[in-house]
1. Quick check: convex hull of the Cα atoms in region B:134-211, volume per residue, rounded to a whole Å³?
2. Take the Cβ-Cβ distance between B:A195 and A:N230 as r, set R0 to 30 Å, and report the resulting FRET efficiency rounded to the nearest 0.05.
3. Would you mind listing how long region B:12-101 runs along its three principal axes, going by Cα atoms, in whole Å with the largest first?
4. Rank the residues A:K45, B:K94 as a footprinting-exposure proxy: fewest other Cβ atoms within 10 Å of their Cβ go first.
5. Got a sec? How would A:T320, A:T169 order by Cβ neighbour count within 10 Å, fewest to most?
6. In Å, the Kirkwood hydrodynamic radius of chain A over pairs of distinct alpha carbons?
7. Using the count of nearby Cβ atoms within 10 Å as a rough guide to exposure, how do B:K71, B:K259 rank from fewest to most?
8. What fraction of the DSSP beta bridges in region B:114-273 is antiparallel, stated in percent and rounded to the nearest 5?
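None of the figures in this text is laboratory data; all of them are computed from the coordinates on show. Please read all numbers here as calculations on a predicted model, not as lab measurements. When we count neighbours, we look across all protein chains shown, and the Cβ atoms used for this are built from the backbone with ideal geometry, even at glycine.
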Amino acid sequence: MIDRLRELGYEVVGPRVADGAITLGEITSIAELPLNVRDEQEPGKYRLTISDGGYFDHVVGPHSLKPFVFPPRTTVLQVLKVRDSWEARTPEPPRPKRAVLGVRSCDLHALAIQDRVFLGGPHRDPEYAARREGLFLVAVNCGRSVPTCFCVSMNTGPAVTGGADLVLTELADGFVVQVGTERGSLVLAALNCRECSSTEIADSNEVPRRAAAQQTRRISLPTVHDTLMNNLNHPRWDDVAKRCLSCANCTMVCPTCFCSTVNEVTDLAGEHTTRERTWESCFNEEHSWTGSGAVHPDTKSRYRQWLTHKLATWVDQFGTSGCVGCGRCITWCPVGIDLTAEVAAMEGGAP
Amino acid sequence: MTPLPVNPWHVHMTTVQAVLPETPGVTTYDLTFDDPNAGYAFRPGQFNMLYLPGIGEAAISVSSDPGEAAKLRHTVRALGNVTRAMTRLHPGDKLGVRGPFGTVWPVDDCRGRDVVIAAGGLGLAPLRPVLYHLSRHRADYGRVTLLYGTRSPVDLLYTNEYEAWRAAGIDVQPTVDSAGGDWHGSIGFVTALLARLPLEPTRTVVFTCGPEVMMRFVASEAVARGVPASQVFVSLERNMNCAVGLCGHCQFGPEFVCKDGPVFPFDRVRRLLLVENF
C-alpha cells in the first residue's frame, strides 16, 4: 500500500519511533513502522516498551494531523518595498499530496472539528483548504486504550466510523481493510487483497470493542458545558492554577487547538517583509494582550479560558465539542493535570 | 457591504493625507486608498486592521463619516508598537488597511427611537460615525443625546465638531473627572449624566463605548432606568490578530469579538462581563 500511494504521488507519513516516542514522519516502507512497540501513558508520563502486538499496538503520540493542515509556521503575506510604497501579495498556498497511515478515530474527529473551524465560517483559511484537499487518510482501529484515553465518552472512538479513505484493522495474521471513499477503493484495487472471511470480519469488529472496554476516564458530554459555565468562580480554578505551569504543552499537542499569531519577519534592509503565522497558546500572556493589559493576566484565568473553550464555548461556536478524548493534554502535561478530574471536581457545583 | 476578499490576509495600500494631533497621545490619520477601485465601504462601529510593514497590525475602529467612505479616518492612541510607530507617519506615507471587520451600531434598526450615546475617552472614536449618520438622517430619529466623559478638558476629542452636532439637533453633554476654573461644563462620570437624563426607557436605545468598567456601569444604569438590555449596545475590546475569527485571540466566552462583535447587545454579554478576567 505504501508503494502504491507513493506511485500515485503521495508523500506517505506514518508512525515511527523517534526521540523515545511514536511520532509522525515520512516513511518509505513497512519496515519503518514501529513493529511490536507499545506506549505506556499516564498523566505526565509516556514510555515505549516492547510488545508482541504488531504494527499498531501503540495509540496516539504527541503528533496529530494538525501540523499537516495547519502548519506550526507559515507565510500569509509577502511585502516588498517598491519606491515609496509597498507591494503586498498573498502567497499561493502549497498543495502537497500527503497520505497519512495509521490515523486513529479521535484524530479523524479532530480533523472534522478543524474543518469546521478553518472552512466552516465566512472566512475560509486558504492554506488549510489547500492542504486538506491533498490529504489521503488510512485509518487504523485501535486495539487497545491507554489510561489517558477517553474517546468513548466523547463519542469519537475507538472504532473508526467515517472520515477516512481506507480503514485498517490489525489481526494476528494480517489486516482487514475497509473502504471509506471512492479514492480509497481505487488504491485498494491495485493491491493484492482477498475477500475477508466472516470470522475475520467478526474478529476485526472485536478489536475496537476490546480497546473501548479498557477505558476508565470519562467526561459527561451532555452536562460538561453547563458544569463549567455555571462554575466560572469555582475554587477548583484556583486549585488547578497552583499546579499548572502555564507552559502551553496541552495546547501544542491538542489536535484541535487552533490559536495563532502573525509576526513580522523583515530583512535587515527593511525592504522585504514576510508575515508569518505561528501557533499560539491561550496560556501565553500575549494571547490576550490589549492596550489596557492582558485580559487573562494569571494562570487561573488562562486555564479557565482553555478548559471552558475546549469543552463548553466551542460547542456554542462550532456546534461540536473541541475535545476528542485523545488524552494527549493529560499525558504531555509536565505536572499531569487531568482535565477529566478537573471537570469532575466541578460537577455538583461549588463545595 | 463590501464583498470580502477571498484571502483574509489581503492588504489594501493607502496614502496618509493628513495627520491631526487631537489630544495628548491621540492622533487622527486621514487615509485614501491607492487603488481607486478598492470599493471600500464601512458601517458605523466597524474596525480596520492598520498595517505598517515590518512592524505589524493594530485593530482600530473607523471614526469617519460612513457617507464618505473614500475619506477614511482613524483616531489612534499611541500605546503599542504599531500605534507608536504610526506617530512617525507624515502626509504621503503609506499605511496598509485590511477591513472593514465586525458588527455595527444598529442605526438602521433604531429609526424612530431616542438614541443615547455614552462615550468615555477614546471611546468616542468608534461612535463618531454614528453621530455623522444621525446628523445626516436626523429626522429619522427621536431625541439624540451624546454623553461624553474624559479625565480632563484637554482629553475631550473632536471639540470643534460639537457645535455642528448641536446644530443638527443633538444634545451634546461633555463631562470631565476634574478641571480647572476655566471649565464651565459638567464634572463627574458619564453615569451621573445618564442618571439624571430624562428618558422614555422603552423607546430608547443606548450605544456605549469606553473602558469596560465604564460601559458596565452605563449599561447597568440604563437597565436600572428601564431600558431593555437588548436595546443597550456595548463595544468590546480584545486582542485582535486575524480579525476574521481564525486566530482565537479575541475570544470572549462563545463570542469571537472580531466577527461576532465588537458591538454586542448588552443582554448577550452581561453575565460574562461580570466574571473577573474572563
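1. Per-residue hull volume (Cα only) is 108 Å³.
2. For B:A195 and A:N230, the calculated efficiency is 0.35.
3. 31, 25, 22
4. Ascending number of Cβ neighbours within 10 Å: A:K45, B:K94.
5. Least crowded to most crowded, the residues run A:T320, A:T169.
6. Kirkwood radius, chain A: 21.8 Å.
7. B:K71, B:K259
8. That works out to approximately 15 percent antiparallel.
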